[in-house]
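Here's the structure, in structure tokens; my notes come after.
The values are calculated or read from the model by the stated rules, or taken from the named source; none is laboratory data. Since this is a predicted model, take the numbers as computed values, not measurements. Glycine also receives a Cβ, built like all others from the backbone with ideal geometry; neighbour counts cover every protein chain displayed. The area values use the complete protein model at the heavy-atom level, side chains included, leaving out ligands, DNA and RNA. Shrake-Rupley method; radii C 1.70, N 1.55, O 1.52, S 1.80 Å.
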Amino acid sequence: MTTTPESGTKQQGKTLTTSQGAPLRDTNHSLKAGPRGPVLLQDHHLREKITHFDHERIPERVVHARGAGAHGTFVGYGTAEKLSCAAFLADGVETPVFVRFSTVAGSRGSADTVRDTRGFATKFYTSDGVFDLVGNNIPVFFIQDGIKFPDVVHSVKPHPDLEIPQAQSAHDTFWDFVSLHTEAQAHTMWVMSDRGIPRSYRTMEGFGVHTFRLVDADGGTSLVKFHWKPKLGVHSLIWEEALLTNGVDPDFHRRDLAAAIESGAFPEWELGIQVFPDNEEQMFEGIDLLDPTKFVPEELAPVQPIGKMVLNRNPTNYFAETEQVAFHPGHLVPGIDVTNDALLQVRLFSYIDTQLTRLGGPNFSQIPINRPHADVNDMLRDGFHQDDVHEGIAPYHPNSLDGGCPFMAGAEGSARMPFIDVPEHIAEAVKERRNPATFDDHYSQARMFYRSLGAQERLHVQQAYSFELGKCASEAVRARQLQALANIDADLCAAVALGLGLPAPSADREVQEREPSPAVSQVGASWPVDGRVVGIVADHASDAAAIETVVAEAHRNGLKPLLVAPTGGTLADGSPVDRTFLTARSIEFDALVVLAVPAPAADAVPDLDGKAGTPSPPGGEGLDPRLILLLQEVYRQAKAIVLSGPGGSVMAGAGLPAESPGVVAAEPAGAVEAAVGLLGTHRAWERLARR
Ligand code: HDD
């Protein structure tokens, strides 16, 4: 990782100065009247240092405050050329990008693996200016109209009296809102599914959510929905992992993204579009394309790939890049336009407005991370934090004094292709505050999504609702949400009601049946394993050749090996121990290869995290209790376990069945191959189904 103390900075080998460049001799003592004080007001360096520090923080984002960013490249396939004249979508065109992933509800210092929607915002620095695709990892949104955004956000944020709970939806105000404002039910269903706790930013799909409009070179238009498809497939944590991770490594997603890039396992996504005719109805198969609480199943409109994004460089400075990056759904380029989706239209106002407070004025697009790579010749002037030294005397149009410049795109003298607002016929309309009738169905897609999941995933949804509602104090809120679940699926409602100890209500309305969409399930497919983490349990007596072989094979297969041993130090092959039994925890590993069965150390240092208190199952007396805990957790989390050499006997000692899906025996030479075979499906799903 780049954050080692040894890593260099531009200041290495340089002399410390004030912000004005004056060299300094001492930054450890303030200027005083004698060694015992008082401190003198004239100490400019002291005042500058403290004043700057006092103003180091800027307001965090009102939503999506916690995030991680990365640089990369997007390459167009040219497959969208017929539909859009956007230059960056043309065949082989390479465009630099910066991506910021985020959670929505939590503050900047909250944990990564809470149950929440994730942001997936991409800035394309195209030759025609910046295009921002500001999406989420869930294809539907809570609300249909942006005017409700403050309401939904206030409901999920901590209660205003004590600012509790942080980064959680499991509390009364959130469920009060979503049970009253039932258009939020579909999005909530996705968040209660495994999608709400991703394994990694690298294993998330991304969605533009809204319907956008593509414009071709002749002005022809089509409606599209944008999708990011991860090379590694969609993969989530299970709830136990998410909870443990919040405590063990709150930076889990940040670290995973940075470590993958650092190690060369560059995260990749394909950008794809679902295409619909741009007609007056703006409907597709009974789905209103302007309703952002609905998605169009891939089975009805396939996702057609139009380009590939690779993230290959970590930020150099978190604040300068990840914190100061400013996205805006209105940052569009010729060839891509918005639709009348009322959620999108309100966003067009909100994003620029919020930057004025967050980044301190109207010139935030001059901050390096926000600067377009295309030529900027605007007539915007002055304001706080103005970095440009504009020349000329006529920042107005038309002018004759600055040679009539800058020219209008498309006019004589300008080579640039203009952004054309699509001429759209607005039907004769009455000014009013209401939605079309097609927005009234709040349940059919929640039901369809739930019924499209695998049995294990449905169980997780039941558990998530039971947990979240179980944390609500108000019985009226719990009962009202149960009514919404009754309209979605009677079995789901019954399972949650059972957990809450409340009666399960019957549906109080007819809900339209929709065909299931198997594409939304994570169960069943197999994916590449790049950058996945394999823990190798060994001890100081383990065979050097076996360790060497497993580590080398892991690297060869693009996995990240971590050597786990009872204590630190160096193993027989000369490799340093990466994790001791004290510092290792199941959540860090996607698979475990057990090469040794270390006995409890007689002189073990008293174990501060209570791991030593794990009871030994019958037959496990000879095993280190911390290894038993590790195995039990990895087993419960349905991760691959490969038993090799002396490691073969360890399952019984940990009270676990040796014969189980996802548990295999292999020689050291074949151990990693066995793990890779199991890792492709992300989990031993059958093991979860057994419980
Ligand atoms: Fe938003 C940030 C995604 C609706 C108002 N939003 C923000 C970010 C993402 C999204 C990924 C973080 C960007 C970053 O990393 O800096 N937001 C969405 C999606 C939505 C959506 C996918 C619906 C489909 N948002 C939405 C509405 C409003 C906002 C309806 C307001 C009416 N969103 C904001 C904001 C934020 C923001 C307050 C906070 C920080 C920022 O913009 O720059 O303006």
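Cys405 exposes around 50 Å² of accessible area when a 1.4 Å probe is run over every protein chain in place. Whole Å is fine, so just give me how far the alpha carbon centre of segment 384-416 lies from that of segment 119-157. Here the two parts' Cα centres lie 32 Å apart. The alpha carbon centroids of segment 213-240 and segment 649-666 are separated by 41 Å.
Sorted on the mean count of surrounding Cβ atoms within 10 Å across their residues, most packed first, peptides 202-208, 495-501 read 202-208, 495-501.
With the highest mean first, a sort of the peptides 571-580, 209-218, 386-395 on other beta-carbon atoms found within 10 angstrom per residue produces 209-218, 571-580, 386-395.
Here the convex hull built on the C-alpha positions of segment 533-690 has a volume of 99 cubic angstrom per residue.
Give the relative contact order (percent, whole number) for segment 533-690; include only Cα pairs under 8 Å separated by 6+ residues. Present the calculation step by step, with values, prior to reporting the outcome.
Working: 309 pairs, mean separation 37.0, N = 158.
Relative contact order for segment 533-690 comes out at 23 percent.
At a 1.4 Å probe radius, carbon and sulfur cover how many percent of the accessible area of the chain? Don't skip to the end; give the middle numbers.
Working: 17730 of 31770 Å².
Within the chain, the accessible surface is 56 percent carbon and sulfur.
Computed over the Cα atoms of segment 262-311, the ratio of the radius of gyration to the Kirkwood radius (Rg/Rh) comes to 1.16. Across the chain, Cα-Cα distances exceeding 38 Å account for 45% of all pairs. The 3J(HN,Hα) values that the Karplus relation (6.51, -1.76, 1.60; θ = phi - 60°) gives for segment 419-436 are, in residue order, 7, 10, 5, 4, x, 10, 6, 9, 4, 3, 9, 9, 6, 7, 9, 6, 9, x Hz. Gly and Pro appear as x. Residue-normalised convex hull volume from the C-alpha trace of segment 316-447: 217 Å³ per residue. Here, segment 129-195 yields an orientationally averaged convex hull projection of 5.9 nm² when only Cα atoms define the hull. Could you tell me how far the Cα centroid of segment 471-499 sits from the Cα centroid of segment 673-690, in Å? Going from one Cα centre to the other spans 32 Å. Heavy-atom accessible surface of segment 366-514, averaged per residue, reaches 63 Å², computed with a 1.4 Å probe. Descending by average beta-carbon neighbour count within 10 Å, the peptides 584-590, 25-31 line up as 584-590, 25-31, the highest first. Put simply, the amide H of Gly129, placed in the peptide plane, has neighbours under 5 Å in Ala374, leaving out anything fewer than 5 places away on its chain. Each residue of segment 224-231 was assigned a 3J(HN,Hα) from its phi angle through the Karplus expression (A = 6.51, B = -1.76, C = 1.60, θ = phi - 60°), giving 9, 10, 8, 9, 9, 10, x, 4 Hz with x at Gly and Pro.
Here the 3J(HN,Hα) profile of segment 362-374, calculated from phi with Karplus coefficients 6.51, -1.76 and 1.60 at θ = phi - 60°, is x, 9, 5, 6, 8, 5, x, 5, 9, 5, x, 8, 7 Hz, Gly and Pro shown as x. The Rg/Rh ratio of segment 482-534, with both radii computed over alpha carbons and Rh defined as the Kirkwood radius, is 1.23.
Amide H to amide H, with H built 1.01 Å from N, His159 comes under 5 Å of Ile164, counting only residues 5 or more places away or on other chains.
In Å, the Kirkwood hydrodynamic radius of segment 442-520 over pairs of distinct alpha carbons? Let's see the in-between values first.
On the way: mean 1/r = 0.0784 Å⁻¹.
12.8 Å is the Kirkwood radius here.
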